[in-house]
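Heads up, the thing below is written out as C-alpha cells.
The values are calculated or read from the model by the stated rules, or taken from the named source; none is laboratory data. Here the structure is a predicted model, which means the values were calculated and not measured. We place every Cβ from the backbone using ideal geometry, glycine too, and count neighbours over all the protein chains shown. What goes into the accessible areas is simple: the full protein's heavy atoms, side chains included, and nothing from ligands, DNA or RNA. Shrake-Rupley method; radii C 1.70, N 1.55, O 1.52, S 1.80 Å.
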Amino acid sequence: MLTPLKRERQEDAMEENSGSPQPAERKERFIPWERNTYATACVESICKSSQITAALLLGCCSPVNADGVEEQAEQFFRSGHTNNWAVLVCTSRFWFNYRHVANTLSVYRSVKRLGIPDSHIVLMLADDMACNPRNPRPATVFSHKNMELNVYGDDVEVDYRSYEVTVENFLRVLTGRIPASAPRSKRLLSDDRSNILIYMTGHGGNGFLKFQDSEEITNVELADAFEQMWQKRRYNELLFIIDTCQGASMYERFYSPNIMALASSQVGEDSLSHQPDLGIGVHLMDRYTFYVLEFLEEIHPASQTNMNDLPFVYR
C-alpha cells in the first residue's frame, strides 16, 4: 500500500513522463528562520493588508486621502504579495484533547478578525467538541477561564472534519492534488503572490506529528510538501506555526525558501497546557497558542507590530 508521500511522488513521475510543462525553477536559497532576511512574513503581511483595506475604505469616504491610498495600493501590488491564506489543522481526537480544538478555533477567529475571509481559510478539525456528549455547554467551545469566550460561535465553517482529517488529505491540500469533484472550500487556491499561514496543533514527538492517534506525518514529508508548493508557485511567503511537544523538530528538515517557522517547544521539550477548567474537566488551551493569540489580538489596521516582536510574547 502506498503512503501519501509515495503516492504523490508516483503522481509527479507520471506528470513528468506525460510531457506536461513544468514550472520554471525558482532559484532562491533557503534561509533558516533565525536569520531570515524576509523580515515580514505572514503575520506582518496580514497587518499590512489590514492597513491597506482600512485605507481604501477610508478613501471611499474621504477624497482628501485619495492620493495616499492610491500610493499605498501601488506599493502593495509591487511587493509581490497580493493575497493571504490560512490552513489551520487540529490533528487530535477525544475529549481530553479539548484544548487542541480550542487552539485551532481561536487562531481561526483571530485570522478572520485580521481580514482573511472563510473563502481563504482551510479549517481541519479531527473532532467536534461542540457536540461531544461530555460537553456541559453543547454547541460551544471555550478558550478562556469562566467560559468567557466561545470560539465556536455561529459562523464557523469546518472544511475537513472527523475522519477527513488525514495525512493524505492535508498533503493534498498543500500541494493542490485535490480531486476535481471536491468543492472549492476544500481547496487551497493560492499562487506565487500568496502569503500563507499554516498552523498545526496536536500530539507529536521527535520528527513527527500524530493524526488522530492512527497515523503520523513526518518532518521529511512536511518539508517535501513545502518544496512542492514552492516549485508549483503556490506561495510567496509562508509562516509555519506548530504547537506540539518537540515542535521544533518538525521544521528541522525544511529546505525551501521564504519560510518562517515557529514552534512551542524545542527538541526534547514538552508543549504545556494552559487554563484548566474544573467545570469542563479539561485544559482550555495550550500555553504557547494562548500567548501567540494575545500577540495577534494587539494587531489592528494602524498597528506597526511585525514578526520581530513575536518571540518576546512567550518566555
Q: Filter region 214-254 down to residues that are open to solvent by 20 Å² or more (accessible area, probe 1.4 Å) and farther than 22 Å from Arg177 by Cα, then give me how many there are.
A: 6
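Out of the residues in region 255-276 that are more than 30 Å from Asn146 (Cα to Cα) and within 20 Å of the chain's Cα centre (by Cα), which is surrounded by the most Cβ atoms within 10 Å (Cβ to Cβ)?
Residues of region 255-276 that are more than 30 Å from Asn146 (Cα to Cα), as a first pass: 255-261, 266-268.
So of that shortlist, the ones also within 20 Å of the chain's Cα centre (by Cα) come out as 255-261, 266.
Working: Tyr255: 12, Ser256: 20, Pro257: 18, Asn258: 20, Ile259: 27, Met260: 24, Ala261: 22, Gln266: 10.
Once the filter is applied, the top-ranked residue is Ile259.
Of all residues in region 105-152, count the ones that are closer than 20 Å to Leu197 by Cβ and assigned to a loop (DSSP other than H, G, I, E, B). Full working, then the answer.
Kept after step one, since they are closer than 20 Å to Leu197 by Cβ, are these residues of region 105-152: 105-126, 143, 151.
Narrowing further to those that are assigned to a loop (DSSP other than H, G, I, E, B): 114-117, 126, 143, 151.
The qualifying residues number 7.
Suppose the filter is open to solvent by 10 Å² or more (accessible area, probe 1.4 Å) and farther than 26 Å from Tyr98 by Cβ; does Asp191 pass it?
Details: open to solvent by 10 Å² or more (accessible area, probe 1.4 Å): yes; farther than 26 Å from Tyr98 by Cβ: yes.
Considered against the rule, which asks whether it is open to solvent by 10 Å² or more (accessible area, probe 1.4 Å) and farther than 26 Å from Tyr98 by Cβ, Asp191 comes out as yes.
Every residue in region 200-213 that is within 20 Å of Asn169 (Cβ to Cβ) and open to solvent by less than 10 Å² (accessible area, probe 1.4 Å), please.
Kept after step one, since they are within 20 Å of Asn169 (Cβ to Cβ), are these residues of region 200-213: 200-204, 208-213.
Within region 200-213, Met200, Thr201, Gly202, Leu209, Phe211 meet the criteria.
How about region 272-284: which of its residues are in contact with a helix residue (DSSP H, G or I) (Cβ under 6 Å, 6 or more places away or on another chain) and either at pLDDT 95 or above or not in a loop (DSSP other than H, G, I, E, B) (or both)? Quick ask: steps written out before the conclusion?
Taking region 272-284 first, the residues in contact with a helix residue (DSSP H, G or I) (Cβ under 6 Å, 6 or more places away or on another chain) are 272-275, 282-284.
Matches in region 272-284: Ser273, His274, Gln275, Val282, His283, Leu284.
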Q. Residues in region 139-165 that are under 15 Å from Arg113 (Cα atoms), among the aliphatic types (A, V, I, L, M) and open to solvent by 30 Å² or more (accessible area, probe 1.4 Å): how many?
A. 2
Q: Would you mind listing the strands (runs of 3 or more DSSP E) fully within region 193-271 where at least 2 residues are touching a helix residue (DSSP H, G or I) at 6+ places or on another chain (Cβ under 9 Å) and without any contact (Cβ under 8 Å) to a residue 60 or more places away in the chain?
A: 215-218, 237-243
Q: Tell me, please, whether a residue that is among the hydrophobic types (A, V, I, L, M, F, W, C), part of a strand (DSSP E or B) and buried (at least 18 other Cβ atoms within 10 Å of the Cβ) can be found in region 286-307.
A: no
Q. From the list Glu237, Glu221, which one is closer than 30 Å to His81 by Cβ, at pLDDT 95 or above and not basic (Lys, Arg)?
A. Glu221
(Q) Can you report the number of residues in region 128-165 which are within 18 Å of Gln212 (Cα to Cα) and in contact (Cβ under 8 Å) with a residue 60 or more places away in the chain? (A) 1
Q: Could you grab me the full set of residues in region 100-122 that are touching a helix residue (DSSP H, G or I) at 6+ places or on another chain (Cβ under 6 Å) and either without any contact (Cβ under 8 Å) to a residue 60 or more places away in the chain or open to solvent by 30 Å² or more (accessible area, probe 1.4 Å) (or both)?
A: Val101, Gly115
